[in-house]
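Comments concern the structure below.
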Amino acid sequence: MKQSNRSYSLEYKIKAVELSNHRGSLESVANELGISSKNISRWRQQYNAGMLSNSEPPQVVKSKEAIENIALRKALKDAELERDILKKALGIFSKSDR
């Protein structure tokens with residue numbers, strides 16, 4: 001039997017955790033909601049760690065070197081793509097000269 005990966009909204013997870021905290025029993029809440037008690041346990045750990053909240057995730061501040069590194073990698077990919085295209089074009093034109 002194939003298991004499908006179900007996704008739950010953030011609000012649903014928070015409500016399930018709050019309900020399990022209020023009742024004190026993971027099993028009863030899991031049976032009532034029709035989900036695994038492992039999910040609620042994991043969500044409870046995330047909730048207690050502050051990872052399960054309505055606030056937006058913190059923005060990662062990149063240094064100038066990291067931004068420059070990203071730009072250089074993009075430029076390198078573009079240059080490699082151009083080189084590959086020119087190699088193929090050279091091969092096509094050299095075949096037609098023969």
>> Run the simple label-point estimate for residue 73 and residue 93 please: 7 Å along Cα→C-beta, distance reported in nm.
In response: 3.4
> When each pair of different Cα atoms in segment 7-56 is counted once in the 1/r mean, what is the Kirkwood radius in angstroms, to one decimal?
Replying inline: 10.7
> For the chain, what does the alpha-carbon gyration tensor say about shape, rounded, prolate or oblate, given a ≥ b ≥ c as the root eigenvalues, a/c under 1.5 as rounded, and a/b over b/c as prolate?
Replying inline: oblate
>> Using a 7 Å offset from the Cα along the Cα-to-Cβ direction at both residue 38 and residue 7, what is the distance between the two label points in nm, to one decimal?
In response: 2.1
> In nanometres, what is the gap between the two model label sites at residue 15 and residue 49, each 7 Å from Cα along Cα-to-Cβ?
Replying inline: 2.5
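Relative contact order, percent, of the chain when contacts are C-alpha pairs under 8 Å separated by at least 6 residues?
This gives 21 percent for the chain.
Where a number appears in this text, it was derived from the coordinates with a stated rule and is not lab data. Being a predicted model, the structure only gives us computed values, none of them experimental. Every residue, glycine among them, receives a Cβ derived from its backbone with ideal geometry; neighbour counts consider all protein chains shown.
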